[in-house]
Amino acid sequence: MVQGFFIATLCNEGKNEKAKELTEELAKLLAKDKYKFTEYYDGKKGEPNGTEFLGFSASAYIFAYLTSFYDKKIFI
């Protein structure tokens with residue numbers, strides 16, 4: 001969840017290329033972990049942590065994807 005909101009915030013600041021890069025990395029992590037949509041990933045180890053199979057974590061990835069690749073603004 002945390003990473004999705006962070007990426008969406010980058011887009012609001014005009015850092016779309018960095019946001020795309022991070023969205024792609026997040027997608028790779030999600031695929032590697034069979035889309036468990038954990039609460040967050042450890043920033044240093046890249047390991048999933050927190051509760052698994054969270055709807056709001058999945059939604060946060062969608063926010064990241066829409067803001068990065070379709071220039072949708074989630075936050076005002």
Counting only chymotrypsin sites (Phe, Trp or Tyr not before Pro) that are in a DSSP loop and have at most 16 other C-beta atoms within 10 Å, tell me the longest site-free stretch of the chain.
-> 1-34
Hey, if you put +1 on the Cβ of every Lys and Arg and -1 on every Asp and Glu Cβ in region 31-76, which of Tyr70, Gly43, Ser57 ends up farthest toward the positive end of that dipole?
-> Tyr70
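Would you calculate the volume per residue, in Å³, of the smallest convex hull containing every Cα atom of the chain?
78 Å³
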Averaged per residue, the 1.4 Å probe accessible area of region 25-76, protein heavy atoms only, in Å², is roughly 70 Å²
For the chain, the dipole about the Cα centre with charges only on Cβ (Lys and Arg +1, Asp and Glu -1), to the nearest 20 debye, works out at 60 debye
Excluding same-chain residues fewer than 8 positions from Lys20, which aspartates and glutamates have a Cα within less than 17 Å of its Cα?
-> Asp71
How large is ³J(HN,Hα), in whole Hz, for each residue of region 53-68 in order, when computed from phi with the Karplus curve 6.51 cos²θ - 1.76 cosθ + 1.60 and θ = phi - 60°, using x for Gly and Pro?
-> 6, 9, x, 6, 6, 5, 4, 5, 5, 4, 4, 4, 5, 5, 6, 6
For region 1-66, what % of the accessible area comes from carbon and sulfur atoms, probe 1.4 Å?
-> 57 percent
Where in the chain lies the longest segment free of trypsin sites (Lys or Arg not before Pro) that are both loop residues by DSSP (not H, G, I, E, B) and have at most 10 other Cβ atoms within 10 Å?
-> 1-33
Expressed as a rounded percentage, what relative contact order does the chain have, with Cα pairs under 8 Å and six or more residues apart?
-> 44 percent
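The values are calculated or read from the model by the stated rules, or taken from the named source; none is laboratory data. In this text the structure is predicted, and so the values were computed from the model without any measurement. All Cβ positions, even for glycine, are placed from backbone atoms using ideal geometry, and neighbour counts span all protein chains on display. Heads up: the accessible areas ignore ligands, DNA and RNA and are worked out on the full protein's heavy atoms, side chains in. Shrake-Rupley method; radii C 1.70, N 1.55, O 1.52, S 1.80 Å.
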